[in-house]
Amino acid sequence: MQTGKGLTYSARMVELVSTRDPREDAITYEQAILAGLAPDGGLYVPKRYPVLDEMTLQELLALDFVELAVRIKTCFAGDGFSPQDIKGFMERAYSSDKFPHTNKGVVTPVRQVSTLFIQNLSLGPTAAFKDMALQPLGQEMNCSLERADQSLRILGATSGDTGSAAEAALKGLPRIQLFMLSPREGMSEFQRAQMGRLSGGNITNISVAGRFDDCQDLVKSVKADPEFADLGAVNSINFSRISSQVAYYFAAYNQVNSNFGEPVDFVVPSGNFGNVLAGYIARAMGLPIRRLIIATNENSVLHDVIQTGEYRTRQAEITSSPSMDISKASNFERLIYDLLGKDPVRVAAYMDRFAATGAVRFSEFGLSDSVLRDIGFDSGVSTHEDRLDSIRWVHDQGGGIIDPHTADAVTVARRLSDDGVPKICLETALAVKFEPVIQEALGFVPEREERFRGLEDTMEPDAFLEIPADPEILKDIIRSQ
Ligand SMILES: *Cc1c(COP(=O)(O)O)cnc(C)c1O
């Protein structure tokens with residue numbers, strides 16, 4: 001092991017394997033970010049997470065956000081990309097024209113509200129935390145494709161925020177063609193308009209008659225066709241996204257703690273388990289996180305598995321925090337991989353059981369049903385009324401106006417006892433995206449920032465191709481571009 005500039009070089013040798021591949025064929029970070037799902041249906045994960053020594057950890061906490069993001073990314077991608085490449089990705093990803101509120105190197109500011117903390121991850125171009133991960137993803141993919149002289153078609157599905165964040169990140173990149181599916185039901189007008197105005201060029205917006213689950217099923221059935229097996233992915237199964245998100249956990253720690261080593265808790269509004277998985281990885285790397293507390297809305301699949309040990313899918317309902325309306329949590333498999341001893345055969349058996357019966361218990365796999373709580377996860381649920389109440393509460397406390405997803409986290413955090421360990425709620429979208437809910441909670445809607453004014457009026461009538469949930473029609477569209 002060699003150490004230089006505070007970075008442990010052994011940490012740079014990250015190889016990824018599929019969670020379900022018994023041969024454990026390793027691929028590089030670059031291959032993984034262009035590949036999406038593994039051919040066996042698994043997700044790519046680092047064989048081992050890099051572990052940082054205490055000196056490095058101390059050093060990281062003093063850095064501004066872009067430097068911190070470079071250092072964390074280097075731990076995962078430093079084999080394939082040079083330090084200059086990674087620096088360029090992060091400088092472009094988090095530039096001040098994309099993150100106009102950046103102040104003194106702080107991109108994800110933490111504020112205190114009563115005894116809680118709120119970390120704002122949503123100050124990027126599309127006002128959701130997904131910008132934090134998709135901006136670097138676009139840069140990384142583009143660089144890899146250029147070097148390999150290749151191009152890539154990407155098929156994605158969005159319940160709202162991924163679509164515009166991916167489009168804002170990939171728009172105009174010459175080697176990428178993005179097809180983004182969105183459900184006709186469940187998205188806000190604002191979200192539709194954010195996507196619609198990016199249509200054209202390398203971006204095709206497709207509106208599917210149905211719900212988000214129908215969109216995800218379409219992606220799956222198209223990719224199951226060998227002709228489309230090489231389509232890339234921008235959802236959080238793409239490890240680039242997870243690895244970029246690790247950085248803001250470090251950035252939060254830095255803002256609430258003056259002494260390294262004191263524990264903190266994070267409260268994370270969760271859907272597909274991508275965000276909180278990044279927190280889990282930050283902890284594995286050495287950040288002193290005591291608990292990772294998952295907040296769900298009425299679609300409480302993740303809360304239930306944490307509390308009962310049973311992972312059970314059910315039809316998602318549309319709620320007022322729609323980006324968390326999931327029936328299964330795709331990234332959960334990456335945690336299962338660790339829990340099942342990184343044994344791909346057992347992971348495949350667990351996921352097969354889940355796919356076949358819609359439910360699986362840890363105790364069927366020799367684990368305690370409380371295993372997630374035993375390793376530092378916890379959870380809570382919030383309802384529509386709870387969200388309204390938390391929006392009012394934060395506003396009354398002088399903490400500004402939070403969006404309904406952040407309100408899910410604040411609801412859960414408010415129920416925790418104040419034991420002196422800082423509780424950091426992640427702010428995953430700005431209120432401007434969900435004005436009808438804000439109106440309902442507060443009786444008014446605040447004036448929009450200049451950059452979001454009149455957004456809904458700028459949409460062209462043909463910005464979305466309208467299709468039924470039929471894979472053959474979708475394949476024809478992809479072929480024809
Ligand atoms: C995507 C999203 C979430 C859920 O994040 P996961 O990584 O899927 O758990 C929460 N809030 C908002 C606003 C989102 O856009």
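The values are calculated or read from the model by the stated rules, or taken from the named source; none is laboratory data. Given the structure is predicted, the values throughout are model-derived calculations rather than measurements. Ideal geometry is used to build each Cβ from the backbone, glycine not excepted, and the neighbour counts take in all protein chains shown.
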- Message: Looking only at the range 302-319, how many residues end up being crowded, with 22+ Cβ neighbours inside 10 Å, within 13 Å of the ligand (Cβ to nearest atom) and at pLDDT 95 or above?
- Response: 1
- Task: Confirm whether Ser236 is more than 14 Å from the ligand (Cβ to nearest atom), hydroxyl-bearing (Ser, Thr, Tyr) and either at pLDDT below 95 or closer than 24 Å to Glu140 by Cα (or both).
- Result: no
- Among the residues of the range 159-174, which ones are surrounded by fewer than 24 Cβ atoms within 10 Å (Cβ to Cβ) and either within 14 Å of the ligand (Cβ to nearest atom) or more than 14 Å from Val234 (Cβ to Cβ) (or both)? Ala168, Gly172, Pro174
- Output the residues belonging to the range 268-293 that are outside any helix (DSSP H, G or I), within 12 Å of the ligand (Cβ to nearest atom) and among the β-branched types (Val, Ile, Thr). Val268
- Query: What are the residues in the range 119-128 that are crowded, with 23+ Cβ neighbours inside 10 Å and in contact with a helix residue (DSSP H, G or I) (Cβ under 7 Å, 6 or more places away or on another chain), if any?
  - Reply: Gln119, Leu121, Gly124, Thr126, Ala127, Ala128
- Query: Can you tell me how many residues in the range 320-343 are assigned to a loop (DSSP other than H, G, I, E, B) and either touching a His at 6+ places or on another chain (Cβ under 6 Å) or within 15 Å of the ligand (Cβ to nearest atom) (or both)?
  - Reply: 9
- Could you please tell me which pairs satisfy a Cβ distance under 7 Å, a separation of 6+ or placement on different chains, a first residue in the range 315-335 that is of a type in the set (Lys, Arg), and a second residue that is part of a helix (DSSP H, G or I) and near the ligand (Cβ under 9 Å from one of its atoms)? Arg334/Leu277
- Task: Say whether the condition of being within 16 Å of the ligand (Cβ to nearest atom) and in contact with a Ser or Thr (Cβ under 6 Å, 6 or more places away or on another chain) is met by at least one residue in the range 102-116.
- Result: no
- Residue count, the range 78-137, condition of a type in the set (D, E, K, R) and on the phi > 0 side of the Ramachandran plot, comes to 1
- Task: Might you check whether a residue that is under 20 Å from Ser122 (Cα atoms), of a type outside the set (A, V, I, L, M, F, W, C) and buried (at least 20 other Cβ atoms within 10 Å of the Cβ) occurs anywhere in the range 286-297?
- Result: yes
- Only unsatisfied item for Thr458, checking (1) away from the ligand (no atom under 16 Å from the Cβ); (2) surrounded by 15 or more Cβ atoms within 10 Å (Cβ to Cβ); (3) under 28 Å from Ala133 (Cβ atoms); (4) not charged (D, E, K, R), is (2)
- Scope the range 244-267; condition in a helix (DSSP H, G or I) and out of contact with any helix residue (DSSP H, G or I) (no Cβ under 7 Å at 6 or more places or on another chain); matching residues: Ala252, Tyr253, Asn254, Gln255, Val256
